[in-house]
Every structure is written in structure tokens, then in C-alpha cells.
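Each value in this text was obtained by applying a stated rule to the coordinates, not by laboratory testing. The structure displayed is predicted, hence computed values, not measured ones. No Cβ is skipped: glycine too gets one built from the backbone with ideal geometry, and neighbour counts run over all protein chains shown.
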Ligand SMILES: Nc1nc2c(c(=O)[nH]1)N(C=O)[C@@H](CNc1ccc(C(=O)N[C@@H](CCC(=O)O)C(=O)O)cc1)CN2
Ligand SMILES: Nc1ncnc2c1ncn2[C@@H]1O[C@H](COP(=O)(O)OP(=O)(O)OP(=O)(O)O)[C@@H](O)[C@H]1O
């Protein structure tokens, strides 16, 4: 099977696993306790405003914002271009973006996060990731890492989104860590 078909098949399996999660509210709170906030203090964190049945990252972002962390959220350009990040604090208004996303208004300054929370459909323990197929995070991490090789890509999802292996192409960006409702792990 070619890579595109293998990825489509893996996406269908991953969506089914994610939709079967029991207690999404408890999981959202679990992210707060597992996030290694002290290690990341002082760095801009690129956050996630969740879509559909993704794990709810809003309680984590509210907690970080109230604790004084600098946060940003992605703005989605047309297909084929990397995301840009604009500053955001809890309570700031958001506008509708592409694919049902919510994003900061254009008057919020653009920043380059050093820590990027990365949404995913599936991940492996070795840092492979499957997204929706837009290639947005692959392009964005490549662009950010070209300027700052120390950028830390932290995949965020339910522990149940782990896959034993995933089909990978040449552009697929690796995760440096994984945050779930059960653990935070650095990829070694
Ligand atoms: N929460 C979140 N924000 C994000 C992303 C993401 O995956 N999750 N993105 C990641 O690139 C970017 C937006 N790009 C996207 C590209 C495609 C689809 C997409 O195909 N969505 C499916 C819905 C899937 C579902 O129901 O879970 C669709 O529209 O069919 C979504 C976002 C930036 N912001
Ligand atoms: N850095 C890049 N430069 C050029 N093309 C890229 C780059 N990254 C990804 N692509 C292309 O984008 C398309 C979608 O990539 P892929 O299927 O890996 O998306 P994904 O990682 O699942 O989605 P996303 O990152 O948006 O969540 C592919 O055709 C891929 O070749």
C-alpha cells in the first residue's frame, strides 16, 4: 500500500480509538498535573485550542496563563503554509479560523514558541505522529526548528491514542515529548 493510503487507514483507526475515551473531563484535568511546567518556565508555549473530540487542553492553558506563562495560539493560513503563533492569555477573545479552529485576532503580536504543544490523532513512544493530513505541524516545526533547533515539540493527546507504529514520510516531524492524562514522557 502507498504511504497516502496507509496514513488514511491509520487515521480511521486513530479516530475510532479517540472517540472511545471514557472520561474526557478528568483527562483534561490530568494534563495539568502531568505538564512539566517548571522545566518550561520562562519560554513561550504554543498552545492548542481543541477541535471535536481532541483532548481538552483549555484547562491546562488557563492554569498556565494564570500562573504567568507566556502563551500563544496557532493561526491557520491557506494549505501549504506553516502556522503562525500569536500571543494569547486566558480570557482573550478568539475568532473563527480555518477547519473549525479558533485563533487570536491579527492585533495580537506574532511570536515564535520554544515549546509547541502539538495536536495529534496518534503517536508512538518513539515520537512519531499522525495528524489530520494538512501537514501544518510538519511545516511549522520545520520552520521553527530552522531558526531555533532547541524547539521542543510536545504531542498532546489521550494515552489511548498511542499506536504501536505509524506510517512515516520524509517530512513528518518528530515529537520530543508526549503529554497525556496519564504521563509526560520525553522521547529518548
Ligand atoms: N486543535 C487543533 N488545532 C489546530 C490543528 C489541529 O489539528 N488541532 N491543526 C493541525 O494541523 C491546525 C489546523 N489545521 C487543520 C487541518 C485539517 C483539519 C481536519 O481535517 N479536520 C477534520 C476533523 C477531524 C475530526 O473530527 O477530528 C475535518 O475537517 O474533517 C483540522 C485542522 C492548527 N490548529
Ligand atoms: N515541511 C514540509 N515541506 C513540504 N511539504 C510538506 C512538509 N511537511 C508536510 N508536507 C506535505 O504535506 C502533506 C500532508 O502531510 P501529512 O500527511 O504528514 O500531514 P499530518 O502530519 O498528518 O498533518 P498535520 O501536521 O497538519 O496535523 C503531505 O503531502 C506532505 O508531503
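Expected output is a single nm value to one decimal: the length gained when fully extending between residue 185 and residue 11, i.e. 0.36 nm times separation in residues minus the C-alpha distance. What is it?
Contour length minus Cα-Cα distance gives 60.3 nm.
Once you keep just the Cα pairs under 8 angstrom separated by 6 or more residues, what percentage relative contact order results for the stretch 124-188?
With pairs under 8 Å counted, the relative contact order is 44 percent.
Summing -39500 (n - 2.57) over the DSSP H runs of n ≥ 4 in the chain and dividing by its residue number, what mean residue ellipticity at 222 nm do you reach, to the nearest 500 deg cm²/dmol?
For the chain, the value works out to -8500 deg cm²/dmol.
Could you work out how far apart the two model spin labels at residue 78 and residue 62 are, taking each label as a point 7 Å from the Cα in the direction of the beta carbon, and quote it in nm?
About 3.8 nm separates the two model spin labels.
Roughly speaking, what is the stretch gain from residue 2 to residue 25, that is 0.36 nm per residue apart minus the C-alpha to C-alpha distance, in nm to one decimal?
So the chain would gain 4.5 nm between residue 2 and residue 25.
Please list, short to long, the whole-number percent of alpha-carbon pairs of the stretch 67-173 in consecutive 10 angstrom bins beginning at zero.
With a bin width of 10 Å, the distribution comes to 14, 44, 35, 7, 0.
Restricting the count to DSSP beta bridges whose residues both fall in the chain, what percent are antiparallel, rounded to a multiple of 5?
DSSP beta bridges in the chain are roughly 50 percent antiparallel.
Return a whole-number percent for the relative contact order of the chain, with Cα pairs under 8 Å and 6 or more residues apart as the contact set.
Value for the chain: 24 percent.
With a 10 Å Cβ neighbour count serving as the proxy for reagent exposure, in which order, fewest first, do 6, 54 appear?
Result, fewest neighbours first: 6, 54.
So, in nm, how far is label residue 159 from label residue 126 when the simple model puts each one 7 Å beyond its Cα toward the Cβ?
Each label point is offset 7 Å from its Cα along the Cβ direction, giving 2.3 nm.
Please report, in cubic angstrom per residue, the volume enclosed by the convex hull of the alpha-carbon atoms of the stretch 1-103.
Each residue corresponds to 137 Å³ of Cα convex hull volume.
Rg (Å, one decimal) plus Dmax (Å, integer) for the alpha carbons of the chain?
Here Rg and the maximum Cα pair distance are 15.5, 48 Å.
Most exposed first by the Cβ proxy, i.e. fewest other Cβ within 10 Å, how do 154, 147, 75 rank?
Lowest to highest Cβ neighbour count: 147, 75, 154.
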